[in-house]
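Structure, as structure tokens:
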Amino acid sequence: MKRDFLALSQFSKAELDAIFLLTKELKEKQKKGVEHHLLKGKSLAMIFEKSSTRTRLSFEIGMYQLGGHPLFISSKDSQMGRGEPIKDTARVMARYCDGVMIRTFAQETVEEFAKYASVPIINGLTDLHHPCQIMADIFTVIEHRGGYQGLKFAWIGDGNNMANSWIEAAAIFGFDLTLACPEGYDPNPQVLEWAQKHASSKIVVTRDPKVAAQDADVLNTDVWASMGQEEEQKIREKAFAGFQLNEELLDLAKGNAMVLHCLPAHRGEEITDDVIEGPHSAVWDEAENRLHVQKAIMAILMK
């Protein structure tokens with residue numbers, strides 16, 4: 001039976017921990033130059049309706065390192081861009097490929113694709129969830145801190161797709177999470193309701209970034225205006241005043257606190273240059289780990 005990777009809530013803690021174990025193994029092999037062609041002869045179609053740097057590089061290079069063939073498909077250059085029904089595209093692609101990664105706007109797009117495709121579908125980002133990024137973030141925490149148990153996580157900023165996936169992760173893995181979001185920019189209420197129903201840990205939304213940062217082990221943020229929200233930039237700059245991840249907030253966290261950012265970063269807006277470049281930043285390890293985590297996800301789903 002095929003499995004899709006559309007949201008973290010589809011998986012158990014044990015299943016996600018298994019991905020981390022394989023990630024560690026594959027990363028070690030890659031660093032040592034040991035061949036690991038787990039997907040030799042397999043192909044991955046990569047559909048992009050949103051622009052990308054890290055998602056395209058990590059999936060394309062990752063598939064190559066696994067011995068498979070990645071194929072980049074821009075929606076504007078395919079029949080999807082001309083209005084072909086998603087279910088038609090999904091059924092045809094499944095006849096050609098062994099898996100499909102989609103980076104798009106609506107969560108409904110990846111869900112409909114998964115419904116009609118007979119091969120695994122991976123969510124490379126939607127407006128609702130960014131599960132691959134969160135897996136890379138948590139793996140980075142595991143590398144730096146030895147695990148995630150007992151740590152306090154803080155999210156500073158927009159209640160966007162990253163915040164939603166962090167909420168699901170907190171419920172599944174059992175760590176405390178405090179999200180500081182301005183009024184009107186809260187995480188998805190259905191995601192929050194699901195998490196608070198399933199969580200053994202504390203998941204709290206506050207209006208005060210200082211409350212979230214206080215004694216935090218991990219501080220995380222993202223741009224104030226995501227792709228597709230550029231016209232809201234000026235409005236959001238006013239709403240998010242005081243929600244910048246800076247030295248003042250970092251000083252409230254634990255002395256060995258980690259700073260994460262999924263990138264791209266608007267330095268001087270949601271995060272200061274001295275913080276992202278400072279000794280607490282694990283941003284570049286985090287970015288690299290997209291490659292290793294996604295290789296593990298592809299290997300497990302597509303092998």
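The values are calculated or read from the model by the stated rules, or taken from the named source; none is laboratory data. None of these values were measured; they are calculated from a predicted model. As a convention, Cβ positions derive from the backbone with ideal geometry for all residues, glycine included, and neighbour counts pool all protein chains shown.
How about region 233-259: which of its residues are basic (Lys, Arg) and either closer than 15 Å to residue 218 by Cα or over 24 Å from the mean Cα position of the chain (by Cα) (or both)?
If the condition is that a residue be basic (Lys, Arg) and either closer than 15 Å to residue 218 by Cα or over 24 Å from the mean Cα position of the chain (by Cα) (or both), then 234, 238, 254 are the ones that fit.
Go through 217, 208 for me and flag whichever is surrounded by 14 or more Cβ atoms within 10 Å (Cβ to Cβ), acidic (Asp, Glu) and in the same structural domain as residue 184 (by TED's automatic domain parsing).
217
Confirm whether residue 52 is over 20 Å from residue 134 (Cα atoms), surrounded by fewer than 22 Cβ atoms within 10 Å (Cβ to Cβ) and touching a residue at least 24 places away in the same chain (Cβ under 8 Å).
No: the conditions fail for residue 52.
What is the residue count in region 213-232 for residues that are closer than 13 Å to residue 137 by Cβ and out of contact with any helix residue (DSSP H, G or I) (no Cβ under 8 Å at 6 or more places or on another chain)?
1
Here is a check on your reading of the model: is residue 25 over 27 Å from residue 190 (Cβ atoms) and either not in a helix (DSSP H, G or I) or not assigned by TED's automatic domain parsing to the domain that holds residue 163 (or both)? Spell out the reasoning first.
Values: over 27 Å from residue 190 (Cβ atoms): yes; either not in a helix (DSSP H, G or I) or not assigned by TED's automatic domain parsing to the domain that holds residue 163 (or both): yes.
The answer is yes for residue 25.
Quick test for you: out of 244, 229, pick the one residue that is assigned by TED's automatic domain parsing to the domain that holds residue 160 and at pLDDT below 95.
The match here is 229.
Are any residues in region 49-82 at pLDDT 95 or above, assigned to a strand (DSSP E or B) and not aliphatic (A, V, I, L, M), and if so, which ones?
Scanning region 49-82 gives 69, 70, 72.
Within region 243-255, is even one residue closer than 23 Å to residue 5 by Cα, in contact (Cβ under 8 Å) with a residue 40 or more places away in the chain and not aromatic (Phe, Trp, Tyr)?
no
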